Amino acid sequence: MITLYEALVFVHVILAIVWVGGGIMIQLYALRAVGTNDPLRIAGFAKDTEVIGTRAFIPASLLLVISGIWLVAEGSWGFDHFWIVFALAVYTASALTGSRGSSSSFSSPSSSTW
């Protein structure tokens, strides 16, 4: 029988794959879209990225942190380990830079923000 800790590890790893792997794929698609110099393609990419971000990245990242904290509480870990502190710092930096980037909206294909 699978334990709660094992289930949490599984969920945590899957969420990390979605968050990090998805971010890498978005960056690769961004390079392709921007490389075309097609304002309509770039606008479509920006719109799609916003949808994916709010429906996949934000929930995955929040659940990733929650499952990580739960793993620390369930396991024999403590918040005094370097990699746990480092992971929380990286998550916080990612959340802050992500929230900063979302404050400027993409208004049109001819927008000067691109």
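Values quoted throughout were computed directly from the atomic coordinates according to the rules given, and no laboratory measurement underlies them. Model, not experiment: these values are computed from the prediction. Backbone-built Cβ (ideal geometry, glycine too); neighbour counts: all protein chains shown.
Across the stretch 34-51, the qualifying residues are those that are surrounded by fewer than 16 Cβ atoms within 10 Å (Cβ to Cβ) and among the hydrophobic types (A, V, I, L, M, F, W, C), and the one among them that is farthest from T92 (Cα to Cα) is L40.
With respect to being of a type outside the set (A, V, I, L, M, F, W, C) and either exposed (fewer than 13 other Cβ atoms within 10 Å of the Cβ) or within 12 Å of the chain's Cα centre (by Cα) (or both), G22 fits the description.
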